[in-house]
Amino acid sequence: MKKAILTLVCALAALSAMAQGTINFSNGTAGPPAVNAPISDLNGTTLLSGAGFTAQLWAGPQGTAWDSLSAWTPTSPFGTGASAGYFFGGSVVVGNVPGGSVASFQVRVWNSSAFPTWAAAWTAYQANDPTAHVGVSGWNGSGLPTATLTSAALASGAVTPPSMAGLTSFQLHQAVPEPSVLALGAIGALSFLLRRRK
């Protein structure tokens, strides 16, 4: 009896794993289809390089709103040298989307040398912390990242996971301090200069 239960549990676990969809989490693949979407820093030209930046896949069933997507692991650092601007995270299981179904996804990137998680970097960005550098695929850095999500049909079982077709290049953004903060800074600097003149 115990053997039969153990066999059933193993079979259910295998079916569950096969039911989950997978995707090739990379922005530089030969395909099919080919993806060539390097990611750059604030100036739009310096390609992200090394472990100081992290990319993470956020995905859910087709039609999921950006703020209801789930984060999936593993995260990925960026390549260096000729591979700067690219991450190669490999096959990622999207646990809430069955294989063969279409998923909506975003790639979210941040400077992990300053912030250990996307949540920490995004919170700092929303608080106008200029040290938070964040980027989201399909987002121009203005307002919230409500860009149209990219969609991809996920693979199931042992099938080679598809690349992230439709992913395009993007850059990181940093928060711009509120004008009132800048004005207070200017007033403080002016009062300091006036005080020194006396």
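Where a number appears in this text, it was derived from the coordinates with a stated rule and is not lab data. Worth saying up front: this structure is predicted, and the values here are computed from it rather than measured. A quick note on method: Cβ atoms are made from the backbone with ideal geometry, for glycine too, and the neighbour counts reach across all protein chains shown.
Structure data summary
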quantity	calculated
For segment 20-197, diffusion coefficient by Stokes-Einstein and Kirkwood Rh (Cα), 37 °C, 0.692 mPa s, µm²/s	190 µm²/s
Efficiency of FRET between residue 160 and residue 119 - r from beta-carbon atoms, R0 30 angstrom, step 0.05	0.40
Amide proton proximity set for residue 170, modelled H, under 5 Å, gap of 5+	40
Descending semi-axes in Å of segment 15-102, equivalent ellipsoid built from Cα gyration tensor	26, 14, 12
Extension gain from residue 153 to residue 82, taking 0.36 nm per residue of separation minus the Cα-Cα distance	22.6 nm
